[in-house]
1. Which entries in LYS77/LYS241; LYS100/LYS330; LYS44/LYS93 show an alpha-carbon gap greater than 29 Å?
2. Once R0 is set to 30 Å, what does the formula 1/(1 + (r/R0)^6) return for the Cβ-Cβ distance between TYR198 and LEU89, expressed as a FRET efficiency to the nearest 0.05?
3. Could you please state how large a percent of the accessible area of the range 173-319 is carbon and sulfur, counting protein chains only and using a 1.4 Å probe?
4. I need to check one value: relative contact order of the range 153-299, counting alpha carbon pairs closer than 8 Å and at least 6 residues apart, in percent.
5. Please give the FRET efficiency for ALA186 paired with THR263, using the beta carbon to beta carbon distance and R0 = 25 Å, rounded to the nearest 0.05.
6. Going toward the positive end of the dipole of the chain, with +1 on Lys and Arg Cβ and -1 on Asp and Glu Cβ, which of TRP285, SER129, ALA191 do you reach last?
7. Cβ under 11 Å from PHE20's Cβ, PHE20 left aside: what net charge do those residues give with Lys, Arg +1 and Asp, Glu -1?
8. Taking the Cα centroid of the range 1-75 and of the range 244-287, what is the distance between the two, rounded to the nearest whole Å?
Amino acid sequence: MSLQITTKLVKESRINSFDFNNIVFGRVFTDHNFICDYSNGEWKNPRIEPFGKISLSPSLSALHYGQSIFEGMKAFKSTEGEVALFRPLENHKRMNHSAKRMCMPQIPEEIFIGGLQKLLELDHNWIPSKKGAALYIRPFMFATDDFLGVKQSDTYTFIIYACPVDSYYSNHLKVKIEEHYTRAAAGGVGAAKCAGNYAASMYPTKLAQEAGYNQVLWTDGIEHKYLEETGTSNVFILCGKKVYTPSLTDTLLAGITRNSVITLLKDQGFEVVEKQISIDELTAWHESGELTEMFVTGTAATITNIELFGLKGKDYKLNMSKELVSLKMKAILNDIRSLNAPDTFNWMLKVPVDSLQEA
Ligand code: COI
């Protein structure tokens with residue numbers, strides 16, 4: 001049975017006032033959003049509405065007790081105007097993983113993918129054609145019970161909205177290895193993409209930024225000895241043809257770009273080692289000259305190089321003058337995503353849109 005989506009369209013698109021040559025990440029949103037409500041154990045009223053403000057009760061449980069999860073994903077457009085989503089089933093899987101951990105209902109594939117497809121059908125003209133740019137899509141779910149007591153909510157809302165984006169980071173990154181604050185504890189919610197994880201990162205990130213860094217590189221919450229991830233992305237460390245990345249635990253977010261880059265690196269003949277990586281190992285690799293490159297991966301960040309890491313007030317610079325492996329990986333990934341290269345790994349879900357000539 002196909003999903004019956006009620007559709008209320010904008011009177012007039014805002015697209016003509018959007019400057020595709022000057023895209024600021026996350027500021028301007030497309031014309032519509034997809035919304036679906038959950039109550040009495042079922043999802044109901046899937047609908048498309050003009051993007052706009054939503055009205056919330058002051059006692060909305062998500063605002064107080066934090067049952068709120070989200071995904072980040074991207075849609076691309078080929079030079080011929082074909083539209084495709086990058087690995088949407090992986091985002092659906094991860095969203096339901098987050099939902100389970102946060103005691104929220106599962107979202108059926110029909111609603112997740114059906115909502116995405118309908119939104120793209122209507123708003124695909126907002127997908128930038130510039131190389132490396134994309135339509136960033138934000139599916140999210142939050143608890144909507146109007147109740148003050150602490151309990152799992154009985155009602156939820158799922159929304160998908162989107163915005164055209166270019167690079168999240170405009171420069172290489174300076175990261176501070178965080179040895180005091182903790183992002184996630186074993187048995188906690190570090191592997192869930194929940195709002196609170198980002199809230200907890202704000203203060204340490206502010207301190208890192210005041211000290212001249214862009215981001216925090218988190219370490220484990222027990223000994224502050226092992227590398228985990230940055231505030232927005234997973235991390236990779238290259239020692240020649242050997243690439244290290246922290247293995248996935250319940251304190252790390254299982255990045256879909258991380259997984260894709262591992263596949264691409266292996267395909268290009270690199271040996272990828274997923275393991276616990278200590279700060280001591282990292283500094284030893286730097287000292288011996290084995291460390292050739294570091295980069296981060298994420299939906300928003302795509303692949304961004306690290307130019308230095310800071311530890312206990314000392315900066316460890318990386319040599320950025322050579323041909324960077326990350327740039328090669330980024331080019332391969334971008335070609336696949338913009339349908340310029342064969343979809344060898346079956347990552348792209350093409351979305352039929354009726355007006356190829358408009359794109
Ligand atoms: C993403 O990369 O999609 C994220 O959710 C991270 C956020 C910093 C934009």
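The values are calculated or read from the model by the stated rules, or taken from the named source; none is laboratory data. Every value quoted in this text rests on a predicted model; they were computed, and no experiment measured them. A quick note on method: Cβ atoms are made from the backbone with ideal geometry, for glycine too, and the neighbour counts reach across all protein chains shown. Note: accessible area is taken over every heavy atom of the protein model, side chains too, but ligands, DNA and RNA are not part of it. Shrake-Rupley method; radii C 1.70, N 1.55, O 1.52, S 1.80 Å.
1. LYS77/LYS241; LYS100/LYS330
2. 0.80
3. Numbers: 2870 of 5750 Å².
Carbon plus sulfur share of accessible area: 50 percent.
4. Values: 228 pairs, mean separation 35.0, N = 147.
Rounded, it is 24 percent for the range 153-299.
5. So, using R0 = 25 Å, E works out to roughly 0.35.
6. Going by the charge dipole, the pick is SER129.
7. After counting each charged neighbour, the total is -1.
8. 34
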